[in-house]
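Each remark here refers to the structure printed beneath this line.
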Amino acid sequence: MNKTLLTISQVFVAIAAAVIGIYALIFMFVLGQIESDVTFNIVGLVMFIIVGFNIFVFIRIGQAKDNPYMKTEIIIYSIILLLTSNILGGVFALLGVLLEDNGQTQSESSSLEKRLKDLDNLFDKGLITLDEYHERRKKIIESV
């Protein structure tokens, strides 16, 4: 899982929850008082349910960053987010689950580079011979 994309998804889910929550309050208390119609209260209640779901998904995405067994659950939540008008949150959550994190490969390549640079430094300082240099370099490259 890609933790960066999951974090971006969490940001969009939190923003959507806040905005929908504000609109729900407006529907229930402001427009409901002016019109005194039950329709605004029902719409506000549905919006509060969506806000509650967004908060729940926000928490579960945070937990999924450290638990690779939650992939299926986050995919389901992402699809539901797409259906409840949180397109960006759903897309980034799907991408975060389906794409692998490249942090491990970058650290491995930087480790390889470091080992080769250390070997070059040893040779430049004259601490190892040319034959030892080629031997060690070959071993480092083959270990990958």
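For segment 26-42, taking the residues that are surrounded by fewer than 16 Cβ atoms within 10 Å (Cβ to Cβ) and among the aliphatic types (A, V, I, L, M), the one that is nearest to the chain's Cα centre (by Cα) is identified as ILE26. When every residue of segment 102-110 is checked against the conditions, at least one turns out to be under 30 Å from ALA14 (Cα atoms) and not polar (S, T, N, Q). Considering segment 61-72 alone, what residues qualify as being under 19 Å from LEU82 (Cβ atoms) and without any contact (Cβ under 8 Å) to a residue 24 or more places away in the chain? Correct list: MET70, THR72.
Residues checked against (1) hydrophobic (A, V, I, L, M, F, W, C); (2) more than 26 Å from ASN67 (Cβ to Cβ):
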position	(1), (2)
THR4	no, no
ILE8	yes, no
ILE20	yes, yes
MET28	yes, yes
ILE34	yes, yes
VAL38	yes, yes
ASN41	no, yes
GLY52	no, no
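Residues to consider are SER85, SER78, SER109; find the one that is within 37 Å of the chain's Cα centre (by Cα), at pLDDT 90 or above and hydroxyl-bearing (Ser, Thr, Tyr). Answer to the selection: SER78. Scanning segment 61-73 for residues that are in a helix (DSSP H, G or I), buried (at least 17 other Cβ atoms within 10 Å of the Cβ) and not β-branched (Val, Ile, Thr) yields ALA64, MET70.
Checking each residue in segment 60-75 for being under 14 Å from SER9 (Cα atoms) and among the β-branched types (Val, Ile, Thr) picks out ILE61, ILE74, ILE75. Taken together, PHE58, PHE48 contain a single residue that is under 11 Å from ASN86 (Cβ atoms) and in a helix (DSSP H, G or I), which is PHE58.
The values are calculated or read from the model by the stated rules, or taken from the named source; none is laboratory data. Because the structure is predicted, anything quoted here is derived from the model rather than measured. Cβ: placed from backbone, ideal geometry, glycine included. Neighbour counts: every protein chain shown.
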